[in-house]
Amino acid sequence: MTAFLHQATCLAIKGRAVLIEGPPGSGKSALALALLDRGAMLIGDDGVSMELRGAHLFASPPPNTAGLLEVRNVGLLRFPTANDVRVALVIVLDPSAPRFTEAAEPAERATVPLPLIRLWPSENPPARKVELALERYGLV
């Protein structure tokens with residue numbers, strides 16, 4: 001299958017890709033910046049190139065904006081990127097996120113089943129929560 005563009009911010013954390021989805025202004029890029037500060041690698045901001053290979057989905061930087069992250073009030077900044085990383089988790093920034101989660105929600109992106117966790121958007125992005133969700137619910 002050829003690559004296609006998916007609207008999400010995406011980072012590589014310990015060799016696994018995490019998609020961060022949410023409406024405009026929900027804090028996807030701010031959360032990405034907080035994760036970059038903790039050692040993650042940028043794959044794409046507000047767009048990611050995806051490729052379906054068998055039963056797995058792989059993420060790479062989008063060709064036109066590779067390495068660029070919008071840092072609100074500062075501008076578009078360039079960061080190193082990771083390429084061709086298997087998607088392991090979907091994070092959705094959602095103000096109606098449940099307070100307690102016992103299991104990841106089932107989700108599907110490009111026919112691939114993926115675990116999904118909803119997080120409350122915050123002025124202080126919940127970077128550690130993303131790492132914990134990946135450890136607990138992410139595909140290996």
### Of all residues in the stretch 15-39 being in contact (Cβ under 8 Å) with a residue 60 or more places away in the chain and farther than 21 Å from L114 by Cα, the one that is surrounded by the fewest Cβ atoms within 10 Å (Cβ to Cβ)
D37
### Task
Please determine, by comparing only the residues of the stretch 64-80 that are of a type in the set (A, V, I, L, M, F, W, C) and not in a strand (DSSP E or B), which one is surrounded by the fewest Cβ atoms within 10 Å (Cβ to Cβ).
V74
### Query
With (1) without any contact (Cβ under 8 Å) to a residue 12 or more places away in the chain; (2) out of contact with any Asp or Glu (no Cβ under 7 Å at 6 or more places or on another chain) as the list, and L76 as the residue in question, which single condition is left unmet?
(2)
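Among the residues in the stretch 81-94, are any in contact with a helix residue (DSSP H, G or I) (Cβ under 9 Å, 6 or more places away or on another chain) and either farther than 17 Å from S122 by Cβ or part of a loop (DSSP other than H, G, I, E, B) (or both)?
So in the stretch 81-94, the residues in contact with a helix residue (DSSP H, G or I) (Cβ under 9 Å, 6 or more places away or on another chain) come out as 88-89, 91, 93.
Those still in the list that are either farther than 17 Å from S122 by Cβ or part of a loop (DSSP other than H, G, I, E, B) (or both) too: 88-89.
Yes, the stretch 81-94 has at least one match.
Please enumerate the residues belonging to the stretch 33-54 that are small (G, A, S), outside any strand (DSSP E or B) and out of contact with any Leu (no Cβ under 6 Å at 6 or more places or on another chain).
Those that are small (G, A, S), outside any strand (DSSP E or B) and out of contact with any Leu (no Cβ under 6 Å at 6 or more places or on another chain): A34, G39, G54.
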### Task
From R128, R99, R118, grab the single residue that is basic (K, R), farther than 15 Å from L33 by Cβ and not in a strand (DSSP E or B).
R99
### Query
For the stretch 124-140, what are the residues that are of a type in the set (A, V, I, L, M) and buried (at least 16 other Cβ atoms within 10 Å of the Cβ)?
A127, V130, A133, L134, L139
### Query
Among the numbered criteria (1) surrounded by 18 or more Cβ atoms within 10 Å (Cβ to Cβ); (2) modelled with pLDDT under 95; (3) under 20 Å from H6 (Cα atoms); (4) not aromatic (F, W, Y), which single criterion is violated by P121?
(3)
### Task
Give the stretch 40-57 a look and list any residue that's hydrophobic (A, V, I, L, M, F, W, C), more than 12 Å from the chain's Cα centre (by Cα) and surrounded by fewer than 21 Cβ atoms within 10 Å (Cβ to Cβ), or say none.
L52, A55
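So, in the stretch 13-32, of the ones that are over 11 Å from V87 (Cβ atoms) and not in a loop (DSSP other than H, G, I, E, B), which residue ends up nearest to the chain's Cα centre (by Cα)? Steps first, please.
Of the residues in the stretch 13-32, the ones over 11 Å from V87 (Cβ atoms) are 13-15, 20-32.
Next, from what is left, pick out any that are not in a loop (DSSP other than H, G, I, E, B): 13, 20-21, 28-32.
Numbers: I13: 10, I20: 3, E21: 7, K28: 8, S29: 10, A30: 12, L31: 9, A32: 8 Å.
Looking at the filtered set, the residue picked out is I20.
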### Summary
For A104, the lone unmet condition from (1) more than 14 Å from G22 (Cα to Cα); (2) surrounded by 14 or more Cβ atoms within 10 Å (Cβ to Cβ); (3) in contact (Cβ under 8 Å) with a residue 60 or more places away in the chain; (4) more than 13 Å from the chain's Cα centre (by Cα) is (3)
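The values are calculated or read from the model by the stated rules, or taken from the named source; none is laboratory data. Here the structure is a predicted model, which means the values were calculated and not measured. When we count neighbours, we look across all protein chains shown, and the Cβ atoms used for this are built from the backbone with ideal geometry, even at glycine.
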